[in-house]
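Working notes, beginning with the structure itself.
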Amino acid sequence: MLARLGGVLLALLFWTQSAWAVDIDGVRYWVSPEKTRVVLEVDRTLKHKVFTLSNPHRVVVDIIDGHLKGKLLASDLKSTPLTTVRSYDHGDKLRITWEVSEAVRTNSFQLAPSGERGQRLVIDLYSKKRPQKAVKTAAAQVQDKRDVVVAIDAGHGGEDPGAIGPGGLQEKKVVLAIAKELKRLIDREKGFRAELVRTGDYYISLRKRTTKARREFRADLFISIHADAFKDPRAKGASVWVLSERGASSSMGRWLANSENASDLIGGVGDSVKLDHKDGSVREILLDMSMHSSQTYGRDIASRIHKKIAGFAKMHKRHVEKAGFLVLKSPDMPSVLVETGFISNPDEARLLRTSRYQKKMANAIYGAVKEYFWNRPPDDSLIAYQKYRGYNSGGKRTYRVERGDTLSVIASRHGVSLGDLRKENAIKGDKIRVGQVLNIPAG
């Protein structure tokens, strides 16, 4: 009787420990230029502690009541700064230790289930080495005139595959291929330079994408490339989008924006910055003033891209659409989002899978970008120098007014004062008309 009771108690104790144990189902690694991400797939929320050791450099995570279900393979560490991995079961906790090739700082957080991903523990490793300062290219130094810089954002990446098409076709892979081809085309054009927001298979938060474009690249234009899906596989057509602060222009726009804006939940963002400031009304006024100009230029670029893509592809709508995409909310940089088609549509997925169609899409975007900046080059750029170094018979530069222009913007872009511009063209107020040719006074 006592033996039977002891067996029951032992079984109950084992069941209780198993019930409370946290199962680690697998580990994945993602490497980006700014960090290495370690993702542990777990079956519930957990208590953990992450710390670093030296001699040699190590990253250690202790997981209370953790249980490793699989094996930690050293082969998975290839192309990462992690050199070895091992685990120890201490009964009340599981310890996993990675040796790293250099000193790092860490940031860890848990992610709730989202999409097809379950509960996750994320550990980001950042190098303590100071990044080297970028060296100006020879092209950027030609006669002290800079390149026009285009930031190209391939959507999703890493933990977030984006939309999934027939045969497991992943959006993140398709759009990165298009982005790389677009960069190649832009870089071969003198006076232009393209920068990829992500260069490989890793995730960057939505806000960091635009921040990187503005602060690191100092981009003149931000283009985000996607290939989305819809619940109805009959949905088809490429589309071009600009930011709408007042709501989406269609129900499809609302659905797409909500889908894209949820990427941070899937890709894993534990250090998002909340944009809360004391002087909210002042900030809104300043943002509104700045965004009015950038959105005007963004609509112009978007229209040109839409026209180029429509030359060979089915379009979802006959016009540029609007929605509240978070990735387009940059106050001082024209931003455009291109949906290259619906990956959920079997016919369009078949096209998007091919290198030939990807190159067609990249070439269309490239043609529109080149056309736009030759019409509206930044005043200190090599393109502006090449365009305006020819003077009219009176020895003056000229500029043809386009939709969305204002006298103050034209004066600023050409490096002259508003008063001098008015005086040169005998303009008393601020009224100008599309197509009007203005003389630009010497700066």
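Throughout, read-outs are computed from the coordinates displayed, never taken from laboratory work. Nothing here was measured: the structure is a model prediction, and the numbers come from that model. For neighbour counting, all protein chains shown are included, and Cβ atoms are generated from backbone atoms with ideal geometry for every residue, glycine included.
So, R0 is 22 Å and r is the distance between the beta-carbons of T97 and R44; what FRET efficiency does that work out to, to 0.05?
About 0.45, to the nearest 0.05.
What is the set of long-range amide H partners of F342 at a cut-off below 5 Å, with H atoms built 1.01 Å from backbone N?
Close amide H contacts, sequence-distant or interchain: G237.
When ranked by the protection proxy of mean other Cβ atoms within 10 Å per residue, highest first, what sequence do the peptides 151-163, 206-218 form?
151-163, 206-218
For the range 19-127, what does the relative contact order come out to in percent, with C-alpha contacts under 8 Å and a separation of six or more?
Relative CO of the range 19-127 lands at 30 percent.
Specify the inter-centroid distance of the range 335-357 and the range 154-233, based on alpha-carbon positions, in whole Å.
Taking the Cα centre of each part, the range 335-357 and the range 154-233 sit 13 Å apart.
Relative to the compact-globule scaling 2.2 N^0.38 Å, provide the ratio for the alpha-carbon radius of gyration of the range 19-127.
Dividing the Cα radius of gyration by 2.2 N^0.38 Å gives 1.01.
Mind checking which lysines have their C-alpha under 20 Å from K431, skipping anything on the same chain fewer than 8 residues away?
List returned: K423.
What aspartates and glutamates sit close enough to K47 to cross-link, taking a C-alpha to C-alpha distance under 12 Å and skipping anything fewer than 8 places away on the same chain?
D62, D65, D92
For the range 213-220, what does the Karplus curve 6.51 cos²θ - 1.76 cosθ + 1.60, with θ = phi - 60°, yield as ³J(HN,Hα) per residue in whole Hz, taken in order and with x for Gly and Pro?
Per residue, the Karplus-derived 3J(HN,Hα) values read 5, 6, 8, 7, 8, 6, 6, 8 Hz.
According to the square roots a ≥ b ≥ c of the eigenvalues of the Cα gyration tensor, what is the shape class of the range 182-242, taking rounded for a/c under 1.5, prolate for a/b larger than b/c otherwise, and oblate for the remainder?
prolate
Let's test this: bin the Cα-Cα distances of the range 390-440 at 10 Å from zero up to the farthest pair and state each bin's percent.
25, 63, 12
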